[in-house]
Amino acid sequence: MSPSPATRAPLRRAEIVIDLAAIRHNVSRLREYLRTPIMTVVKADGYGHGLVEAGRAAREGGADWLGVASVDEALALRAAGDQGRLLAWLIMPSEPAEDLLVADIDVTAYTVADLEKFAAAGDALGRTPRVQLKVDTGLARGGAAFADWSNLVAMARILEAEGAIRVTGIWSHFSAGENPADPISALQEKVFGEAVAIAEQAGLRPEVRHLANSAGALLRPSARLDLVRVGVATYGIDPAPGVDGSPWAELGLVPAMTVRAELALVKQIEAGTGVSYNHTWVAEQPTTVGLIPVGYAEGIQRRAGNRASAWVAGARRPVRGTVCMDQIVVDLGDTSVEPGAEVVLWGTGADGEPTAQDWAEASETIAYEIVTRIGGRMKRRYVDSDQDTDSPSEQGVDR
Ligand SMILES: *Cc1c(COP(=O)(O)O)cnc(C)c1O
């Protein structure tokens with residue numbers, strides 16, 4: 001696989017290029033390395049890579065399941081033709097379950113009320129809902145509190161015995177999977193084991209028990225269980241950057257997203273010139289600056305002003321001054337670059353260009369936020385570096 005297919009495409013204003021081969025490769029490599037079935041998480045528009053396209057590429061790479069948060073995401077995958085196992089886990093009290101059941105989606109129950117809703121919908125449709133039970137083992141976010149777990153399990157067992165539901169899974173979610181030094185993960189694993197034992201004693205025989213996200217799957221072999229829910233690593237982003245003992249480097253996963261733009265303008269400025277709003281950067285010597293036509297409306301973090309850099313003419317060029325709504329300024333030094341030259345904000349890093357992780361550090365956030373928030377007026381274009389052709393599909397980014 002070649003490192004930067006994105007940059008061989010014709011350049012236009014500003015765009016997000018997604019290499020589907022990278023997603024396929026990453027899923028298949030993760031599956032092989034983890035030796036565990038994989039649920040590829042494609043929520044939040046495939047972490048900014050496109051829900052349907054990321055889902056399709058993940059299936060091609062061998063994803064056994066797809067996972068999403070919302071009802072709309074699950075139904076959109078089905079509408080696009082996805083037919084594999086698919087789990088949704090954030091179904092609102094106001095949202096009817098019928099469409100999910102008709103679409104053959106595994107649903108997650110946190111409460112007895114959820115179970116009753118799914119059972120009633122299944123009854124009305126003459127179908128047996130496939131339900132997974134989520135237990136809160138320490139994140140204190142979604143899922144049944146451990147104190148309520150026995151009750152939830154007992155109700156699930158009654159409904160299952162009546163043929164009103166089938167319990168296909170039991171699962172939970174780590175609080176600090178990316179931090180092996182935090183003892184919470186071992187504790188969560190222990191609590192999860194107890195929750196599974198309670199369910200089994202009640203007579204439930206779930207197909208899958210799952211706990212690990214990307215970081216948990218990579219860093220805690222004991223947490224791989226029957227299935228791992230891998231999100232960010234699918235897209236070639238390290239879930240635990242800088243962690244000792246992480247297998248990340250040996251995995252060879254490839255970032256799937258490149259954000260590129262055309263240089264709008266190049267100009268000389270004098271020593272003492274203040275750049276961008278409020279002159280938060282002042283040139284100490286004469287220099288050349290370039291204008292990039294993306295800003296915080298595209299999801300570029302405002303905090304990246306004076307900290308991040310973009311790749312122009314074979315080098316990283318520092319962002320100078322504030323990130324504006326539509327544009328940012330970079331310092332080209334004494335390089336001569338023409339307007340219209342290619343800018344890579346972030347990409348695979350293979351040629352030395354910044355990565356989403358570099359932008360995350362410059363923005364004091366995590367790379368998850370960098371890729372999920374990028375969009376605005378930029379369109380996505382899909383390429384396939386295995387086939388070396390551009391796919392014609394292009395879409396606006398809804399955020
Ligand atoms: C988002 C999410 C994941 C994926 O997490 P990554 O860190 O991106 O691998 C897994 N499980 C649940 C419940 C999630 O919400």
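The values are calculated or read from the model by the stated rules, or taken from the named source; none is laboratory data. This one's a predicted model, so the numbers in the text were calculated from it and none came from an experiment. Positions of Cβ are backbone-derived with ideal geometry, glycine not excepted, and every protein chain shown enters the neighbour counts. Remember, those area values only see protein heavy atoms, side chains included, never the ligands or the DNA or RNA. Shrake-Rupley method; radii C 1.70, N 1.55, O 1.52, S 1.80 Å.
The numbered conditions (1) open to solvent by 10 Å² or more (accessible area, probe 1.4 Å); (2) farther than 26 Å from M378 by Cα are all true for M39 except (1). The set of residues in the stretch 120-137 being small (G, A, S) and open to solvent by less than 40 Å² (accessible area, probe 1.4 Å) consists of A121, G122. No other residue among Y296, Y277 is more than 32 Å from the chain's Cα centre (by Cα), over 18 Å from R12 (Cβ atoms), at pLDDT 95 or above and among the aromatic types (F, W, Y) apart from Y277. Which ranges mark the helices (runs of 4 or more DSSP H) fully within the stretch 34-112 that have 1 or more residues being within 16 Å of the ligand (Cβ to nearest atom) and β-branched (V, I, T)? Helices (runs of 4 or more DSSP H) meeting the threshold: 71-79.
Looking at this structure, is W346 open to solvent by less than 10 Å² (accessible area, probe 1.4 Å), touching a Pro at 6+ places or on another chain (Cβ under 8 Å) and among the aromatic types (F, W, Y)? Explain how you work it out, then say what you get.
Details: open to solvent by less than 10 Å² (accessible area, probe 1.4 Å): yes; touching a Pro at 6+ places or on another chain (Cβ under 8 Å): yes; among the aromatic types (F, W, Y): yes.
Here the answer is yes, as W346 does meet what is asked.
Does G252 count as more than 11 Å from the ligand (Cβ to nearest atom), modelled with pLDDT under 95 and open to solvent by 10 Å² or more (accessible area, probe 1.4 Å)? Please lay out each step first, then the result.
Details: more than 11 Å from the ligand (Cβ to nearest atom): yes; modelled with pLDDT under 95: no; open to solvent by 10 Å² or more (accessible area, probe 1.4 Å): yes.
No, not satisfied.
Looking for something within 16 Å of the ligand (Cβ to nearest atom) and either touching a residue at least 40 places away in the same chain (Cβ under 8 Å) or not assigned by TED's automatic domain parsing to the domain that holds L159 (or both) - is there at least one such residue anywhere in the stretch 197-208? Within the stretch 197-208 (the criterion being within 16 Å of the ligand (Cβ to nearest atom) and either touching a residue at least 40 places away in the same chain (Cβ under 8 Å) or not assigned by TED's automatic domain parsing to the domain that holds L159 (or both)), the answer is yes, since at least one residue qualifies.
Residue by residue, here is whether (1) open to solvent by 10 Å² or more (accessible area, probe 1.4 Å); (2) closer than 28 Å to A44 by Cβ; (3) within 16 Å of the ligand (Cβ to nearest atom) holds:
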| residue | (1), (2), (3) |
| --- | --- |
| N213 | yes, yes, yes |
| D226 | yes, yes, yes |
| P241 | yes, yes, yes |
| E262 | yes, yes, no |
| A271 | yes, no, no |
| A283 | no, no, no |
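Among the residues of the stretch 312-337, which ones are open to solvent by less than 50 Å² (accessible area, probe 1.4 Å), within 24 Å of T348 (Cβ to Cβ) and in a loop (DSSP other than H, G, I, E, B)? Across the stretch 312-337, the qualifying residues are V323, T335, V337. For the stretch 208-250, the set of residues classified as more than 28 Å from R373 (Cβ to Cβ) and in contact with a His (Cβ under 7 Å, 6 or more places away or on another chain) consists of L225, D226, L227, listed by residue number.
Picking from S185, S150, S222, which residue would you name as being within 14 Å of the ligand (Cβ to nearest atom) and either of a type in the set (S, T, N, Q) or in contact with a Pro (Cβ under 9 Å, 6 or more places away or on another chain) (or both)? Walk me through how you get there before you give the answer.
Numbers: S150 fails: within 14 Å of the ligand (Cβ to nearest atom); S222 fails: within 14 Å of the ligand (Cβ to nearest atom).
After applying the criteria, what remains is S185.
Total residues in the stretch 66-81 satisfying the condition of being surrounded by 22 or more Cβ atoms within 10 Å (Cβ to Cβ) and over 15 Å from the mean Cα position of the chain (by Cα): the figure is 2. On the stretch given as the stretch 140-186, residues that are under 22 Å from L115 (Cα atoms) and open to solvent by less than 70 Å² (accessible area, probe 1.4 Å) total 23.
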